[in-house]
1. With r defined as the distance between the Cβ atoms of VAL227 and ASN76 and R0 fixed at 30 Å, what FRET efficiency is calculated, to the nearest 0.05?
2. At LYS158 and ALA250, where each label point lies 7 Å from the Cα along Cα→Cβ, what is the point-to-point distance in nanometres?
3. Could you please state, rounded to a whole Å, how far the C-alpha centre of region 166-232 is from the C-alpha centre of region 95-111?
4. In square nanometres, what is the average projected area of the Cα convex hull of region 53-215?
5. Report the label-to-label distance for LYS136 and LEU292 in nanometres (one decimal), using points 7 Å from each Cα along the Cα→Cβ vector.
6. Run the numbers for HIS181 and ASP368: contour at 0.36 nm per residue of separation, minus the present Cα-Cα distance, in nm.
7. So what is the diffusion coefficient of region 218-373 in µm² per second by Stokes-Einstein at 4 °C and 1.567 mPa s, using a Kirkwood Rh over Cα pairs?
8. Can you list the HN-Hα couplings for region 79-88, worked out from phi with the Karplus curve (6.51, -1.76, 1.60; θ = phi - 60°), rounded to whole Hz and with x for Gly and Pro?
Amino acid sequence: MLLGLAAVAACSSSSDTGGSPANGTGDNTPPAATVSTDDATAACNIKTGFAGDDMCIKAPPADKGFQFHYGPSDYNDAAEVAKYTLKPGGEVTDCVFFPTPNDADVYFNEYHSRMRPGSHHMLLYIQDTKVTETGKNGPTDCNQGLDSRNLFGAQTPKLDTVGNADGAPENDGAAVKIPAHQQGVMQLHFINAGKTPILREAWANVMYVDKSKVTQLGDPIFFIAGVGMDVKMGQTTVIHGTATVPADAAPDFRLTSATPHYHTHTTRFTAYATISGVQQKILEDYGTLGVLPEPKLYPYDSKAMNEPPNPTARINGAASGILRMRPGDTIDWECEIENNDVPQGITFANAVYTGEMCNLFGVYAPTDGSPWRNNGL
């Protein structure tokens, strides 16, 4: 497939319902330090006293790629560790900002990410607007502008994507471009549903591909619906969204991958593609009330075979094959949201047990130079 770049929802500010942080102990090597290794997922072998030490991966060599890191720079510094510690019952979404290290344009089609327990999503952006670097000062409110551009993200603790893994010929030479000296943004959403403090931390390695091997560029889709939702207690509401293929789409324009993003009150997420007036279901996910979902990223190409959805058995799935689209064709999606236990009503929010989202993310190609956003954004 063209790259498993799963993007997730952005939030403009943080909200932390936890209390005072605890301290970590152990190896004080910053996990974002440049480490000479040819292994894109080499373990750090850190010992902090928090769950998830085994998730840490070393940064790649500078000529092979670079690492996005959200977490402490020194595990022996109690104040530094406190910035990223979350008390039981806490939930927070926030960002760190830092300059990307590439002095020239780079391209990637390989990506590896890891998140400690308690993670709900990770999202990596670049943007033109410069922000004072916060990575060394701890996380802060996201407050990203409209010039933000998704690179990739994850909704599972571990994600590894390596180029055109299934060998689909239409995806040969595909990559995503990162211009030189960008403003990097790393957003994390963590929830502590346990009884002990957790450390909020994540690592993501972007691995370069030689420019001479790049023949086509992809960019993210960024589809958001239900921003004005207000699902009252006892109600079930279906939220809809539509995205139209741009007028300047290339002749070989196609949706190459997609993943749904929703919370614990969505019982069904369905997406459709309408191509030349004919509608087909392209994916369907079934949620369980009160249970955090872990949606899959579905590829659409000539090689990947997705398991089809089964509405009767409520088994998640997706269509298979290339999804070539033309200007005026649409992607439509909907979320069935049931409010069984939120007296104040369910609104669009980065709060997995009391708020909801109805978003669809993924990648399209060839790019027209910008993310593909849904109607109204």
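Every number in this text was worked out from the coordinates using simple rules, so none of it is lab data. These numbers come from a predicted model, not from an experiment. Neighbour counts are summed over all protein chains in view; Cβ atoms, including those assigned to glycine, are modelled from backbone coordinates with ideal geometry.
1. Numbers: r = 43 Å, r/R0 = 1.43.
Between VAL227 and ASN76 the formula returns 0.10.
2. 3.4 nm
3. When both Cα centres are located, 12 Å separates them.
4. 10.5 nm²
5. That separation, rounded to one decimal, is 3.2 nm.
6. 65.2 nm
7. 81 µm²/s
8. After applying 6.51 cos²θ - 1.76 cosθ + 1.60, I find 5, 5, 5, 4, 4, 10, 9, 10, 6, x Hz.
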